[in-house]
1. Among Glu95, Glu74, which comes first, second and so on when ranked by fewest other beta-carbon atoms within 10 Å?
2. Going by C-beta contacts inside 10 Å, put Ile106, Ile87, Ile45 in order with the fewest on the left.
3. Expressed as a whole percent, how much of the Cα-Cα distance distribution for the chain exceeds 24 Å?
4. Positive end of the charge dipole of region 11-145 (Lys, Arg +1 and Asp, Glu -1 on Cβ, about the Cα centre): tell me which of Gly111, Cys70, Leu130 has its Cα farthest that way.
5. Between Ser57 and Asp19, what is the label-to-label distance in nm when each label sits 7 Å out along the Cα-to-Cβ direction?
6. Can you sort Ser36, Ser61, Ser18 by how many other beta carbons sit within 10 Å, fewest first?
7. Quick one: if you stick a label point 7 Å off each Cα along the C-beta vector at Met123 and Lys50, how many nm between them?
8. Hey, for a label at Gln133 modelled as a point 7 Å past Cα toward Cβ, could you say which residues of region 66-101 have their backbone N under 17 Å away?
Amino acid sequence: MFADLLRRMTAPAPTPLSDGDARRALGALLVRIARSDGAYDAEEIARIDKTLSARYSLSPSDTAALRADCEILESEAPDTVRFTRAIKDAVPYEERAAVVQALWEIVLADGVREAEENALMRMVAPMLGLTDQESHQLRRAVEQG
């Protein structure tokens, strides 16, 4: 279903993503972090929907449709590095902190930080151009509400 998008994301010199593809890539990364601990529960799904809806000003039905696309894309995609590279290329540096904060919101949505989620966050945040300290500050901000 997303073969063309995946082919473009994995090309040696990927082209910038369209707005719709960037949305799907970000959503797929949110789904990947939610699934990384082997559980994909209602709290995480609700947090993904809230993030996508707020970021892109979507209706509930458009949000659900986008998330469904993101779930498929995440399951078909080869690795997290390509998602992260596509997002880094599509999202200005100033907005990437919001991406990392959204990822922490997903990780913390179920109240438990699993080792798999921590490992993925340690990999993704620097790949988006944020330091470990910045990621830590964003996590603390999410934890403090």
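1. Working: Glu95 11, Glu74 23.
Lowest count first: Glu95, Glu74.
2. Values: Ile106 26, Ile87 22, Ile45 18.
Listed from fewest to most nearby Cβ atoms, that is Ile45, Ile87, Ile106.
3. Details: 2501 of 10440 pairs.
The proportion of pairs with Cα distances above 24 Å equals 24 percent.
4. Highest projection toward the positive end goes to Leu130.
5. Distance between the two pseudo-spin positions: 0.9 nm.
6. Working: Ser36 20, Ser61 8, Ser18 12.
Lowest count first: Ser61, Ser18, Ser36.
7. Simple spin-label model gives 2.7 nm for this pair.
8. In region 66-101, the label zone of Gln133 (backbone N under 17 Å from the point 7 Å along Cα→Cβ) covers 97.
Every read-out reported here was derived from the displayed coordinates using simple, explicitly stated rules and does not represent laboratory data. Model, not experiment: these values are computed from the prediction. When we count neighbours, we look across all protein chains shown, and the Cβ atoms used for this are built from the backbone with ideal geometry, even at glycine.
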